[in-house]
Amino acid sequence: MLKGKTVVLGVTGSIAAYKIASLASMLKKQGADVEVIMTKNATNFINPITFESLTGNKCLVDTFDRNFQFSVEHVALAKRASVFLIAPASANVIAKVAHGLADDMLTTTFLACQCPKIIAPAMNTRMYTNPILQDNLKICETYGMEVIAPADGYLACGDTGAGKMPEPEELFDYIVKAAAFPKDLAGKKILVTAGATMEAIDPVRYITNHSTGKMGYAVAKAAALRGAEVTLVSAHAEVKPPRFVKLVPVKSAREMFEAVTAAAADQDVIVKAAAVADYRPAEVSDEKVKKKDGDLSIRLERTDDILAWLGVHKRDGQFLCGFSMETQNMLENSRAKLKKKNLDMIVANNLKVEGAGFGTDTNVVTLITGDRETELPKLTKDEVAHRLLDTILEMTGETSPLGMTGKSSPEETGES
């Protein structure tokens with residue numbers, strides 16, 4: 001994801017500095033060129049050799065290191081930087097960057113950078129909540145820097161509260177969002193549905209399906225990383241929701257219908273990847289249905305057809321994409337659904353094809369529009385998601401047919 005990108009990590013004097021070793025390793029594994037700059041205080045918490053071993057680059061500390069024979073290092077590095085993260089960011093360094101002070105390698109390089117800048121504060125709760133510190137963070141945001149809110153938890157000083165630096169996985173996600181993909185969806189509002197709805201029989205039992213939500217979550221994540229404002233309406237899923245999206249949790253098909261129809265009018269693109277039940281019990285028992293001798297019959301009724309409603313109410317300029325999970329006659333059935341429900345595109349897959357369907361990290365799909373069918377090879381669901389978004393941009397005339405090189409995936413289900 002980060003091949004060809006230069007990620008600069010600024011490490012300041014905090015016990016949380018040890019976490020950045022894991023972050024540096026994660027970034028390196030994703031192909032990034034990782035440069036680490038430490039304040040002198042930071043070297044009291046972690047040795048620069050640790051970062052040099054993990055990144056393969058010299059860890060910079062001294063602004064006037066005479067080992068460098070080329071141009072002034074802080075300027076040269078600033079020109080190469082794709083993103084600059086200061087983590088942990090101490091109160092002292094936050095005050096410096098807020099007011100343009102540059103008295104060491106970290107702050108001079110930070111000031112010289114024109115790439116996206118991210119700050120992850122880490123300190124005692126009383127320091128973090130101090131109005132002066134909060135004002136400095138607001139100043140940083142005013143100048144376009146992104147501030148990652150610290151976590152609540154047990155701190156090294158023994159206090160419990162806000163000020164704990166987020167885990168490396170969260171910092172990694174912020175770096176990916178800033179640097180991994182072009183922001184070709186900036187300004188777009190995209191609604192994605194995902195997961196399996198659950199239709200209650202009684203307080204204990206329900207009717208559902210095998211969807212894990214992976215495909216829909218991949219679409220939402222890909223759209224967010226490319227700059228879109230994403231609303232994710234999610235039924236039951238077996239993966240963590242992606243960061244940087246507005247999550248609207250629902251359970252039943254009816255709840256999903258209400259959430260989607262309430263938000264639909266404001267969306268530029270709607271991707272219906274959820275596996276929505278076609279039928280629900282006509283009567284839901286208030287008490288657990290007790291086992292009896294003989295068979296049990298449950299009368300079912302149709303659920304609301306969300307996709308059909310969206311097709312009828314689609315406004316001018318809005319792009320509507322559905323999913324079709326089939327076990328036979330995939331192209332024929334999917335084309336009929338495309339036309340019947342007034343869709344711009346439908347993503348079709350066959351549950352019986354190896355690498356497609358529920359619960360897998362891959363998918364094999366065909367993108368079907370009014371005038372063509374594009375069969376994709378087996379890809380990760382992340383890659384499928386990016387290819388789907390590429391096609392949407394192409395069809396709306398906002399990018400070339402080449403678009404991105406797929407790096408994400410769509411949902412594995414058939415929307416009702």
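The values are calculated or read from the model by the stated rules, or taken from the named source; none is laboratory data. Note that the structure is a prediction, hence the values are computed from the model and not measured. FYI the Cβ positions are ideal-geometry reconstructions off the backbone, even for glycines, and counts take in every protein chain you see. To get the accessible areas, we keep the full protein, side chains included, count just its heavy atoms, and leave off ligands, DNA and RNA. Shrake-Rupley method; radii C 1.70, N 1.55, O 1.52, S 1.80 Å.
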Flagged in the range 376-415 as β-branched (Val, Ile, Thr), modelled with pLDDT under 50 and surrounded by fewer than 19 Cβ atoms within 10 Å (Cβ to Cβ), in numbering order, are Thr405
Taking the range 265-287 and keeping residues open to solvent by less than 100 Å² (accessible area, probe 1.4 Å) and assigned to a loop (DSSP other than H, G, I, E, B) leaves Gln267, Asp268, Ala273, Ala274, Val276, Ala277, Asp278, Ala282, Val284, Ser285
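This table checks each residue for (1) under 29 Å from the mean Cα position of the chain (by Cα); (2) closer than 17 Å to Val8 by Cα; (3) not small (Gly, Ala, Ser).
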{"site": "Ile119", "(1), (2), (3)": "yes, yes, yes"}
{"site": "Gln134", "(1), (2), (3)": "yes, no, yes"}
{"site": "Pro166", "(1), (2), (3)": "yes, no, yes"}
{"site": "Glu169", "(1), (2), (3)": "yes, yes, yes"}
{"site": "Asp173", "(1), (2), (3)": "yes, yes, yes"}
{"site": "Ala179", "(1), (2), (3)": "yes, yes, no"}
{"site": "Ala186", "(1), (2), (3)": "yes, no, no"}
Check your understanding: For Asp295, are the conditions met, namely being of a type outside the set (Val, Ile, Thr), over 17 Å from Val233 (Cα atoms) and either open to solvent by less than 90 Å² (accessible area, probe 1.4 Å) or more than 26 Å from the chain's Cα centre (by Cα) (or both)?
Key -> yes
All-but-one check, Lys96 against (1) closer than 22 Å to Lys40 by Cα; (2) within 26 Å of the chain's Cα centre (by Cα); (3) among the basic types (Lys, Arg), failing number (2)
Going through the range 14-38 in order, the residues found to be part of a loop (DSSP other than H, G, I, E, B), modelled with pLDDT of 95 or more and surrounded by 19 or more Cβ atoms within 10 Å (Cβ to Cβ) are Ala32
Pairing a residue in the range 123-134 that is on the phi < 0 side of the Ramachandran plot with any residue that is loosely packed, with under 15 Cβ neighbours inside 10 Å and not in a helix (DSSP H, G or I), where Cβ atoms lie under 8 Å and the two sit 6 or more apart in sequence or on different chains, gives Asn124/Cys157; Asn124/Asp159; Thr125/Asp159; Thr125/Thr160; Arg126/Asp159
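Counting residues that are open to solvent by less than 10 Å² (accessible area, probe 1.4 Å) and in contact with a Ser or Thr (Cβ under 6 Å, 6 or more places away or on another chain), which strands (runs of 3 or more DSSP E) fully inside the range 180-261 reach at least 2? If you could, list the steps in order and put the result at the bottom.
Working: elements: 189-194, 229-234, 246-249.
Correct list: 189-194.
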The lone condition Glu301 fails out of (1) open to solvent by 40 Å² or more (accessible area, probe 1.4 Å); (2) farther than 18 Å from Thr396 by Cα; (3) assigned to a strand (DSSP E or B); (4) in contact with a Ser or Thr (Cβ under 9 Å, 6 or more places away or on another chain) is (4)
Scanning the range 113-172 residue by residue, those open to solvent by less than 20 Å² (accessible area, probe 1.4 Å) and assigned to a helix (DSSP H, G or I) turn out to be Leu133, Asn136, Leu137, Cys140, Pro168, Leu171
Cβ pairs under 7 Å, 6+ apart or interchain, first in the range 286-309 and of a type in the set (Lys, Arg), second loosely packed, with under 10 Cβ neighbours inside 10 Å and at pLDDT below 95, ordered by first then second residue, are none
If you go through Gly322, Gly311, the only one that is under 30 Å from the mean Cα position of the chain (by Cα), small (Gly, Ala, Ser) and either open to solvent by 70 Å² or more (accessible area, probe 1.4 Å) or closer than 17 Å to Val365 by Cβ (or both) is Gly322
